[in-house]
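Chemist: The structure under discussion is supplied below as structure tokens; questions concerning it will follow.
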Amino acid sequence: MANGKDALMPTLQWMGREEDLEAAARAEYRLLLEEERFSYGDPGTGNLIVQGDNLEALEALLPFYAGKVKCIYIDPPYNTSGEFKRYDDNKEHTRWLSMMYLRLETLKQFLREDGALFIQLDDNEQAYIKVICDEIFGRNNFVAHILWHKKRGKDNASRYFSIMHDHIICYAKRAQSLYINRIVLDENTRSVYKNPDNDKRGVYRLQGLCTRKQCCFEFEYTMHDGKKFSRRLWLLSHDTMKRLEAENRLVVKGDILYRKLFLKESARSIPETMWIGLSNNADARDELKALFGNDTLCDTPKPEYLLKRIIEVSTAPGDYVLDSFLGSGTTAAVAHKMGRRYIGVEIGEQAKTLCAARLKRVIDGEQGGISQAVGWTGGGGFRFFTLGGDVVDNKQRLKRDIAFEHRAAPLYAAETKTPLNRRVCREHDAQ
Ligand SMILES: C[S@@+](CC[C@H](N)C(=O)[O-])C[C@H]1O[C@@H](n2cnc3c(N)ncnc32)[C@H](O)[C@@H]1O
């Protein structure tokens, strides 16, 4: 039960599950090699882009970053037909499940105790991933299932329904430790706030104080002018209502009592699980077109405003954000503009042609996507890595010509369950 797993808990089984998971557990520890010609700007920011298979890259990064990441966002291939270029649908499906299981298990180890993982998927696999995440993270660490409105128009050619949303499933490393930040109210919500009685505290909206919820307070309430509200359930305690009345914050309309909620006191609100009007897939293609003059470079880029929301609700400046299916580099670009540190992994050549190229433009101060909303003017840097050879020879002995940090890191992390401090390694190598 320590890792949230329970022997009686239902788990997902598929053909080849155990063999696939065992084979991957034997994967070699690979080296991270910097390719300086693709790094850019200040090398000391802590930002990394790695080109390579993400399981191998994550294994190489884990000894240094275990327990350090505040937010993981992944947008893996959705497993729509043909992605693995195989004809047997069932095999394709099971192969995808093994692929994701292994990566999720590894990703979890990167999270801080107050960290969260967000996975974006469509209808094909979201239900399966939910069951796998319940197994890996524990059902009690499920946080939310968000629906993101992804289409600009309708798909009239769809056979049954025009599918308008993606799923974003969120799990915490430890639900009790996770805090979801409140978000700035959008224009639509702000426009609801009015000031019909010229209250000098500014615009406000009314919140009804009567409730049907059993968890609340039950009493009769008498206003100071003698108006009585019969015994009923209230959202607030009797003392709080008396205080609000003394501050002229209660408003009576017929038999209903409201409180004034002033905009300047509630400029942030709890995020909801329906994300409508937060950019869409077509906006993401427009963003890439504005950057590279071409919107066909990545099949399924996500828009910067979507990543801004995820990073906004789950992190603070300086926190680490990790995306191991980086695609066109949206997560890294947004994290960079928002002053977060990031680790991005992408297997394809787009690690160089899109991710590194995009981040170079970000560092030079590009003004697309969220730039103006966050006041971005440029600066910072990142280092670019690829995966090198194994750290062991064919007799499973540690190779001697490998820097101390790479020989020590996996052993240190396995023994202590804490990441190795790079400074200690550099001091050792200098001796
Ligand atoms: C749906 S796209 C991500 C799009 C991204 N969110 C964006 O905004 O551009 C998925 C990406 O994952 C990459 N990918 C697939 N398998 C991978 C693996 N095993 N290791 C690393 N990257 C992988 C693909 O090359 C593809 O670029």
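Chemist: So how much slack lies between Gln367 and Glu36, counting 0.36 nm per residue of separation and subtracting their Cα-Cα distance, in nm?
Modeler: 116.6 nm
Chemist: Which value, in Å² rounded to 10, gives the accessible area of Met99 with a 1.4 Å probe and all protein chains present?
Modeler: 40
Chemist: Ignoring ligands, DNA and RNA, please state the percent of accessible area on segment 101-184 from carbon and sulfur, probe 1.4 Å.
Modeler: 49
Chemist: Can you give the accessible area of Lys289 in Å² (nearest 10), computed on protein heavy atoms with a 1.4 Å probe?
Modeler: Only protein atoms counted, so the area is about 110 Å².
Chemist: How much length, in nm to one decimal, is gained on full extension between Arg26 and Lys253, taken as 0.36 nm per residue of separation minus their Cα-Cα distance?
Modeler: Stretched out fully, the Arg26 to Lys253 stretch lengthens by 74.8 nm.
Chemist: Considering the dipole of the chain built from charges on the beta carbon (Lys and Arg +1, Asp and Glu -1) around the Cα centre, which of Ser158, Val184, Leu236 is farthest to its positive end?
Modeler: Comparing the listed Cα positions along the dipole, Leu236 ranks first.
Chemist: Quote the charge dipole size of segment 187-269 about the Cα centre in Debye, to the nearest 20; the model charges only the Cβ of Lys and Arg (+1) and of Asp and Glu (-1).
Modeler: Dipole size: approximately 200 debye.
Chemist: May I pose another question? Tell me the mean residue ellipticity at 222 nm calculated for the chain from its helices only (DSSP H runs of n ≥ 4, each -39500 (n - 2.57), averaged over every residue, nearest 500).
Modeler: Helix contribution divided over all residues of the chain: -9000 deg cm²/dmol.
Chemist: From Cα pairs below 8 angstrom and at least 6 apart in sequence, can you work out the relative contact order of segment 187-269, rounded to a whole percent?
Modeler: Averaging sequence separation for qualifying contacts and normalising by length gives 33 percent for segment 187-269.
Chemist: Taking the simple approach of a point 7 Å from Cα along Cα-to-Cβ for both Leu147 and Asn188, what is their distance in nm?
Modeler: 1.3
Chemist: Express as a percent, rounded to the nearest 5, the fraction of DSSP beta bridges in the chain (both residues included) that run antiparallel.
Modeler: If we restrict to bridges inside the chain, about 65 percent are antiparallel.
Chemist: Which of the three applies to segment 187-269, rounded, prolate or oblate, going by the alpha-carbon gyration tensor with a ≥ b ≥ c and a/c under 1.5 meaning rounded?
Modeler: Cα axes put segment 187-269 in the prolate bin.
Chemist: What is the Cα centroid distance between segment 116-148 and segment 335-379, reported in whole angstrom?
Modeler: Segment 116-148 and segment 335-379 have Cα centres separated by 27 Å.
Chemist: Only Cα pairs within less than 10 Å get springs; with that Gaussian network setup on the chain, which residue of Asp42, Asp186, Asp364 has the largest fluctuation?
Modeler: Asp186
Chemist: What angle, in degrees between 0 and 90 and rounded to the nearest 10, separates the Cα long axis of helix 304-314 from the longest principal axis of the Cα atoms of the chain?
Modeler: 80
Chemist: In the chain, which longest range has no chymotrypsin sites (Phe, Trp or Tyr not before Pro) that are both DSSP loop (not H, G, I, E or B) and surrounded by at most 12 other Cβ atoms within 10 Å?
Modeler: Here the longest segment lacking exposed loop sites spans 180-431.
Chemist: Also: Can you find, among Leu263, Leu61, Ser98, the residue farthest towards the positive end of the dipole of the chain? Put +1 on the C-beta of Lys and Arg, -1 on that of Asp and Glu.
Modeler: Leu263
Chemist: Whole angstrom only: what separates the Cα centroid of segment 255-274 from the Cα centroid of segment 282-334?
Modeler: After rounding, the separation between the Cα centres reads 31 Å.
Chemist: Follow-up. Do you know the relative contact order of the chain, to the nearest whole percent, from alpha carbon pairs under 8 angstrom that are 6+ apart?
Modeler: Over the chain, the number comes to 26 percent.
Chemist: While we're looking at this one, here's another question. Residues with beta-carbon under 13 Å from that of Gln176, excluding Gln176: net charge, scoring Lys, Arg +1 and Asp, Glu -1?
Modeler: 0
Chemist: So, with +1 on the Cβ of K and R and -1 on the Cβ of D and E, and no other charges, what is the size of the charge dipole of the chain about its Cα centre, to the nearest 20 debye?
Modeler: Computed charge dipole of the chain: roughly 1700 debye.
Chemist: So, one more: Taking 18 Å as the cut-off for C-alpha to C-alpha distance, list the pairs among Lys228/Lys253; Lys194/Lys264; Lys200/Lys253; Lys150/Lys308; Lys200/Lys260 that go past it.
Modeler: Violating the 18 Å Cα-Cα cut-off are Lys200/Lys253.
Chemist: Indicate the gyration tensor shape class of the chain (rounded, prolate or oblate), computed on the Cα atoms with a ≥ b ≥ c the square roots of the eigenvalues: a/c under 1.5 is rounded; otherwise a/b larger than b/c is prolate and the rest oblate.
Modeler: Note, shape of the chain comes out prolate.
The values are calculated or read from the model by the stated rules, or taken from the named source; none is laboratory data. Quick caveat, the model's predicted, so the values are computed rather than measured. Cβ coordinates were reconstructed from backbone atoms using ideal geometry, including for glycine residues, and neighbour counts include every protein chain displayed. Heads up: the accessible areas ignore ligands, DNA and RNA and are worked out on the full protein's heavy atoms, side chains in. Shrake-Rupley method; radii C 1.70, N 1.55, O 1.52, S 1.80 Å.
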